[in-house]
Amino acid sequence: MNKKATRSTKPKPDPDAAPQKQAVCAVKKVFFIADNLLQAEDGADRMRLERFYHPGKGQPAWFITHHDCQIMEMLEYGEPRRSWLLNNEVCSNGRTYMTTPLDATLLALHHLRKHCSQRAMSLDSISVDASDASTNRLLTKFVTAAGLKCVADVKASGDLVFYKYNPQRTLAWLTLKTRGVVAVLKAKQVHCGLGAKSQNYVRSEKLVSENDVNEMDYLRMACDYVGRYLDADLHEELTRYLQIPSEIQALVEEKSSAQKRKSQQGQPSANSKKIKLANGEDAASQLRNSSLLDSDDGKDSITSPPTPAPLKERTMTAKEKALAKGAKGSKSIASFFKAK
Amino acid sequence: MSITLDFDVQQLDNKRPMHLHYLPAKIVGDGECTDVDKHFNNYTRQAPEFGNGVLTNALRGYPLLGQQESVPKGYKGLVLQETDPNQAERQLRLTGTFQNFTYWNYDKVPSKSDGYQQALVMLDVAEALAEPVSEEALEEEMKLQKQAKKENA
């Protein structure tokens, strides 16, 4: 009885104390804010966090604005188990909020494609169509005329300026942007290949072989990065425009080239050793049939020595065959559980 | 909906720099804790056996390896605080600023393979993406594309 009483009384002070404590020290957040947002010109003007439609996310996201003309994206970096210690205070929110530069034209692109693909429109009339005021604010304050010129045809009539979405210009513009990203990825030596690699391993390996770096892998990574700011269909268009093969195709190609021995790589017809299998099929055609490779890679696979994978698959099917033979005539297991 | 960062930029210089630790642990709870100087900073040691500038300490008996990090170039570290998230006009107030902090890893020497370091690469990538494209470069690219199309056809 006594024990029960203490149990029920014990939690009581907690709900009263908790809100009090929170009121004293409300949630703090750690920001990395770019210096160019922090220039003190006009003390009265405050930075603001605002929500604008983010085409890559398909929903509004946070952006930081200043002076009604500067805009940067608000990125959030978080790990599952991180917290901050700020002087003598614990901050359970271990995230870091960073402002990253942004070309507002990327955000405008969504609205241009939506409204101005058929006819030229002025920015004001685009905004009228949209339901919320943020689009208007975005297009009239933060998007630059120079930026819009890269993705649209501009027609001026008196004071009014009309824009019409231009797919060719947009794709060329995005290509240039993607190349810029490729340059940075290369300069930073970001590993863009397939699969994970230890950073330490890559570093020591680099001295030995530089051919590890694949141009297409960089381009794919850069294109995917640019695509994070685009509508999904435009991202696909860009991928096709840059002629980037799909990742699965690349994986197959890499596999087949990895199977080749170095001495065999230069001479396609040198490989005469074909292991005969029980049914007379040689390994190359086996590989071709096993749907591991695309049909147009058939030429490549001839040169590659047989891999354990298709052989293993064969024994498996034989086993299955035997199993199937043994199971012939027996009832399906499901039939035992059927309601009679 | 918007949140105002309610502080004067000139205020930044007057604030005393804060001491920050980026801990590899989830901590349930916020607010004032113990005397960090006495119970944590006091035990920070140089550990040259792990590399240059590597520090060691322990959090609740778990070994930590860390190093001094500075805020990325071109950025300032700010600690902001939201007073009342239920208000219609949300505001963030300035608590303090910092240029350096201590990055701690659990049982692993801080290196380029840490998520945090990789996230910083994104800052440069974003900068490249935001770089404006010149009119001439765009015309050039479209010309090349047209040529490539003709050759294919």
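A few points about this structure:
- Among the residues of B:18-28, the average count of other protein chain beta-carbon atoms within 10 Å of the residue beta-carbon is 6.
- Remark: spin-label model distance B:LYS38-B:GLU69 equals 3.0 nm, labels positioned 7 Å along the Cα→Cβ axis.
- Relative to the longest principal axis of the Cα atoms of chain B, the long axis of helix B:115-130 lies at roughly 30 degrees.
- The range B:5-61: trypsin sites (Lys or Arg not before Pro) in DSSP loop, at most 10 other beta carbons within 10 Å: B:ARG60
- Taking label points 7 Å from Cα along the Cα-to-Cβ direction, B:ARG93 and B:ASN14 give a separation of 1.4 nm.
- Peptides B:95-102, A:222-229 ordered by packing proxy, namely the average of other Cβ atoms within 10 Å per residue, highest first: A:222-229, B:95-102.
- Taking 0.890 mPa s as the viscosity and 25 °C as the temperature, the Stokes-Einstein diffusion coefficient of the range B:3-111 based on its alpha-carbon Kirkwood radius rounds to 152 µm²/s.
- Computed extension length for A:SER246-A:ALA322: 23.5 nm, one decimal, from 0.36 nm per residue of separation with the Cα-Cα distance subtracted.
- Net dipole in debye of the range A:104-165 [+1 Lys, Arg Cβ; -1 Asp, Glu Cβ; about Cα centre; nearest 20]: 180
- Folded to 0 to 90 degrees: helix B:135-152 orientation relative to chain B principal axis, Cα: 60
- Chain B, relative contact order [Cα under 8 Å, separation at least 6], %: 27
- Neighbouring Cβ atoms from other chains, within 10 Å of the Cβ of residues in A:323-334, number 0 on average.
- Fluctuation leader among B:LEU129, B:LEU94, B:LEU20 - chain B, Gaussian network, Cα springs under 10 angstrom: B:LEU129
- Counting Cβ atoms of other protein chains within 10 Å of each Cβ in A:181-187 and taking the mean gives 4.
- Label sites at B:LYS26 and A:HIS67, each approximated as a point 7 angstrom past Cα along Cα to Cβ, lie 4.3 nm apart.
- The range B:90-153: trypsin sites (Lys or Arg not before Pro) in DSSP coil with no more than 16 other Cβ atoms inside 10 Å: B:LYS108, B:LYS112
- Choice from B:GLY61, B:GLY29, B:GLY53 showing the highest fluctuation, given a GNM over chain B with Cα pairs closer than 10 Å: B:GLY29
Read-outs throughout are calculated quantities, based only on the coordinates presented, and are distinct from any laboratory measurement. Quick caveat, the model's predicted, so the values are computed rather than measured. Neighbour counts are summed over all protein chains in view; Cβ atoms, including those assigned to glycine, are modelled from backbone coordinates with ideal geometry.
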